[in-house]
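Below is one structure; the comments refer to it alone.
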Ligand code: NAP
């Protein structure tokens, strides 16, 4: 069976996923596309033999759409995910699942009431070979019990629409998700320390930020989020245990010796950094839709657990803020390869 997918939002990542679904993975075809810019939607749709529809609701309701991909702007995600659950169709939602814990919980409740898992969230790092190798090392006890994790999430620049709160809600969600999965642990408190601001920031923006998390098992995590670092897209993660440490490998890149220098290029964005992880994520999701089985990747619960409400409060108050999570419903117990196992 070829899974027919409708796409809501044909921006950067929407177009990249449309290319992936059409030309890279097997078993999927894009049949419908919508975007706020109708002419742009028509152009993207025509390029892959799909039709453009006026709204996200039209995509969700379309009879030739078996599953929905939400790649619109974050604040619109909850509305589309809830509507897709109401239609009884599987939905892959790019991160963040929603922009507040309250909206994430509405999705969790809707999916639980529906009685079958329909939602997968785009936390693709769980599919990255480097993170998977780190997890194997940690799970095998090779570094002993994890004590500390040092992370950095650096972007060259961000657009003017990016806010200080988005450092938590849009950027650090990736680290929170992958750290919960790597450590099999839950974050219980957060503090945000604000260093001197880079002069290359947008005027309204606190950049960089240092987020200090504590987990239920007492692991301390420091995460530097620096979204106007200028030099590249640089993701770092080092877990220190009682008897060793494990570090996320940098992407393979040739070392060039020329003109008296040895240089290694730094990648510039998420497309260059995690292409294989995105491919694996969509191949596995498509297979689960085709087989009418529950998605194996990050769930709506994981989307809720990663949302950064407490981190935003910590930034705004300057205080240590406790992370008050609801108890996980039994509905979300278990999980497999993509890593919902928590
Ligand atoms: P983008 O380039 O701004 O694309 C968003 C697109 O959605 C735009 O074309 C926008 O139209 C359209 N749109 C917005 N609201 C809509 C609505 N209500 N209905 C239909 N279309 C709508 O942003 P992006 O970089 O692709 O990011 C999209 C999402 O993916 C964000 O949630 C982002 O956090 C996530 N993302 C994830 C990763 C990852 O590593 N997993 C990487 C990048 C992005 P207009 O431009 O006309 O407003």
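Some points to look at:
- Flag if residue 16 is touching a strand residue (DSSP E or B) at 6+ places or on another chain (Cβ under 8 Å) and modelled with pLDDT of 95 or more: no
- From 314, 305, 280, residue being touching a helix residue (DSSP H, G or I) at 6+ places or on another chain (Cβ under 7 Å), in contact (Cβ under 8 Å) with a residue 60 or more places away in the chain and over 19 Å from residue 27 (Cα atoms): 305
- Count of residues meeting criterion [within 27 Å of residue 166 (Cα to Cα) and either outside any helix (DSSP H, G or I) or in contact with a strand residue (DSSP E or B) (Cβ under 9 Å, 6 or more places away or on another chain) (or both)] in segment 318-335: 11
- Of note, residue 288 does not satisfy the criterion of being over 22 Å from residue 182 (Cα atoms), surrounded by fewer than 13 Cβ atoms within 10 Å (Cβ to Cβ) and at pLDDT 95 or above.
- Candidates are the residues of segment 62-83 that are under 20 Å from residue 21 (Cα atoms) and more than 13 Å from the ligand (Cβ to nearest atom); the one that is surrounded by the fewest Cβ atoms within 10 Å (Cβ to Cβ) is 63.
- Within segment 138-159, the residues that satisfy the criterion of being touching a residue at least 24 places away in the same chain (Cβ under 8 Å) and within 12 Å of the ligand (Cβ to nearest atom) are 153, 155, 158.
- For residue 31, the test of being free of Cβ contacts under 8 Å to residues at least 60 places away in the same chain, surrounded by fewer than 15 Cβ atoms within 10 Å (Cβ to Cβ) and more than 10 Å from the ligand (Cβ to nearest atom) is failed.
- Yes/no for residue 112 being touching a residue at least 40 places away in the same chain (Cβ under 8 Å), in contact with a helix residue (DSSP H, G or I) (Cβ under 6 Å, 6 or more places away or on another chain), surrounded by fewer than 21 Cβ atoms within 10 Å (Cβ to Cβ) and assigned by TED's automatic domain parsing to the domain that holds residue 28: yes
- Number of the condition not met by residue 248 [criteria: (1) surrounded by fewer than 18 Cβ atoms within 10 Å (Cβ to Cβ); (2) within 24 Å of residue 125 (Cα to Cα); (3) at pLDDT 95 or above]: (1)
- Filtered residue count, segment 40-61, keeping only those that are more than 10 Å from the ligand (Cβ to nearest atom) and surrounded by fewer than 20 Cβ atoms within 10 Å (Cβ to Cβ): 9
- Against the numbered list (1) away from the ligand (no atom under 12 Å from the Cβ); (2) part of a loop (DSSP other than H, G, I, E, B), residue 135 comes up short only at (2).
- Breaking point among (1) more than 28 Å from residue 228 (Cα to Cα); (2) touching a strand residue (DSSP E or B) at 6+ places or on another chain (Cβ under 7 Å), for residue 121: (1)
- Residue match in segment 57-68 (condition: free of Cβ contacts under 8 Å to residues at least 60 places away in the same chain and assigned to a loop (DSSP other than H, G, I, E, B)): yes
- The condition of being more than 16 Å from the ligand (Cβ to nearest atom), buried (at least 24 other Cβ atoms within 10 Å of the Cβ) and at pLDDT 95 or above holds for residue 90.
- Of the criteria (1) outside any helix (DSSP H, G or I); (2) crowded, with 17+ Cβ neighbours inside 10 Å; (3) not assigned by TED's automatic domain parsing to the domain that holds residue 217, which one residue 151 fails: (3)
The values are calculated or read from the model by the stated rules, or taken from the named source; none is laboratory data. Model, not experiment: these values are computed from the prediction. Ideal geometry is used to build each Cβ from the backbone, glycine not excepted, and the neighbour counts take in all protein chains shown.
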